[in-house]
Amino acid sequence: MTRLITRRNFICQSAAWLAMLAGGRTDRIAWSARGSDKGAVRIIFYTDVHARQEWDTPAALDKAATAINAENADLVIAGGDLITDGFQSTGALAAPRWDAYMMMHRRIRADIYPAIGNHDLVAANPADGSLPAKDPRAVFLARTGLEKTHYSFDAVGYHFVVLDSIQITGDQYKYHGNINREQIEWLKRDMANVSMNTPTVIITHIPLLTAFYSASQGATSPAPINRVVANNIDVLNIIKDRNVILVLQGHLHVKEMIRWQGTTFIVGGAICGKWWRGSWFGTPEGFNSITLTGDHVEWEYIDYGWQARRPKHK
Ligand SMILES: [Fe+2]
């Protein structure tokens, strides 16, 4: 049946759209997928927090936590770079940034499943010349309460896999995007433990797939080795015959969606936007609301309304 567009319902629809835009809801995209028959799951995926103490940013994190709680999600996934610049800082310098992040983390009511980002490593390569930490992942693990930086879990018939995409190197890039051999072997075993049809979501800080460099720097521009997972094919080969409906990615601070061989790859913007300077390539400070149902996925990027206060010269 064709619905008649009257002036009255046109005005009502317009009002609803304006309310949505005023609330920071600019996009809602839905597509078909083979989900779980056990029920729908509502996820908040936030990434690239870059917590620190400067420029009133703890107030931004408080505002983000309030907006996340208002969504009443079933579970929350954090995509890494929870703090800023841990990699080149000593433990003492990074501690107040972790304190700022944990204020937000503790305020969020739903269970949070974090992935590690490059900034979350502490004292991997201290800029002051002091010795690197024995285990630069130790602070991330202690603060989040995780045993490992790669793990999987299940919820309402969905399988979730969290990967550690950071490889510390001594070269000019300091780290590469890489899923190490131990994880590749673990991922094969982990995926073998669930049926081929199990709807699966993979989380990785550094993207497996992105068009960011060809879109922003020209079609033939390659991504640097510290901006994408260089051995992405190792992972894509494992998942290619499986029902991986989503790959949630961070690191690039833009919102982006790519569909490849039945899997949707999302880069989920950033809580800090352009490193606390506002929007980055049109993506404001925000997070993702994702609903997984039996036959489709819905994705929406939510601007939580922070106005950047970082001075221009910093
Ligand atoms: Fe990052």
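Overview of results
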read-out: Selection within segment 92-130 - part of a loop (DSSP other than H, G, I, E, B), within 16 Å of the ligand (Cβ to nearest atom) and within 17 Å of the chain's Cα centre (by Cα); value: 115, 116, 117, 121
read-out: Residue in segment 195-203 that is away from the ligand (no atom under 16 Å from the Cβ), touching a Phe, Trp or Tyr at 6+ places or on another chain (Cβ under 6 Å), among the small types (Gly, Ala, Ser) and over 22 Å from residue 117 (Cβ atoms) present; value: no
read-out: Complete set of residues in segment 29-53 that are on the phi < 0 side of the Ramachandran plot and within 16 Å of the ligand (Cβ to nearest atom); value: 45, 46, 47, 49, 51, 52
read-out: Matching option when the condition is among the charged types (D, E, K, R), within 16 Å of the ligand (Cβ to nearest atom) and farther than 11 Å from residue 91 by Cα, among 137, 143; value: 137
read-out: Test set (1) closer than 23 Å to residue 268 by Cβ; (2) in contact (Cβ under 8 Å) with a residue 60 or more places away in the chain; (3) surrounded by fewer than 19 Cβ atoms within 10 Å (Cβ to Cβ); (4) out of contact with any Asp or Glu (no Cβ under 8 Å at 6 or more places or on another chain) - residue 197 fails condition number; value: (1)
read-out: Total residues in segment 151-174, condition of a type in the set (Ser, Thr, Tyr) and surrounded by 21 or more Cβ atoms within 10 Å (Cβ to Cβ); value: 2
read-out: Some residue of segment 283-292 being away from the ligand (no atom under 16 Å from the Cβ) and over 20 Å from residue 49 (Cα atoms); value: yes
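Any read-out appearing in this document is the output of simple, stated calculations on the displayed coordinates, not a laboratory observation. The structure presented is a predicted model; accordingly, all values stated were derived computationally and were not measured. When we count neighbours, we look across all protein chains shown, and the Cβ atoms used for this are built from the backbone with ideal geometry, even at glycine.
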